[in-house]
1. Within segment 81-95, can one find any residue that is surrounded by 12 or more Cβ atoms within 10 Å (Cβ to Cβ), among the polar types (S, T, N, Q) and at pLDDT below 95?
2. Name the single residue, out of those in segment 111-138 being under 13 Å from ALA92 (Cβ atoms) and of a type in the set (Ser, Thr, Tyr), that is most open to solvent (accessible area, probe 1.4 Å).
Amino acid sequence: MGSFIKRSLCYPFTASLLIGLMCHSTIAQTHTKYFQTKHVQIEQKSSKTVKITQATQALDEKTALNLVWKLPQVQRKAREIEKLSKGKIRVAAKVDSYPTPEAPYYTVQIYENHIDYIDTIYWFRVLNPSGDIQVLDVIRNEYVSLEAWKQN
């Protein structure tokens, strides 16, 4: 009888303990991930001013590509080329390089996708993690801000 009582009390208690530990672990991991990406820091500047800064999350490849692809200049050029070629030439985009400690940006190439070759139209940099975009000025051979880039 003692063994029966021991099993009746021990097994449910052990099972509850294991389930509790697993749930606690899952909650702790979720909590940590949430605060790693959503960390908000409040700095008190004076008695009247409060500055709120949010930690930025690193950009991924898809986001960097979409930021460039959705630029009005890129969309306008894509429509123009497809219209003039009567749909034979498509404009495409690809990430050509990824952020490194020495070069913290994605390089995105916008190009005409011909049957047997590609022809580059623009080169962009998407700074990581800010998402700021720069474009290669081919005349000066340097990257400039979108504001400085005068595209017709």
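1. yes
2. Result: TYR117.
The values are calculated or read from the model by the stated rules, or taken from the named source; none is laboratory data. On a predicted model such as this, the values are computed, not experimentally measured, just so you know. For neighbour counting, all protein chains shown are included, and Cβ atoms are generated from backbone atoms with ideal geometry for every residue, glycine included. For accessibility, only protein heavy atoms count, side chains too; no ligands or nucleic acids. Shrake-Rupley method; radii C 1.70, N 1.55, O 1.52, S 1.80 Å.
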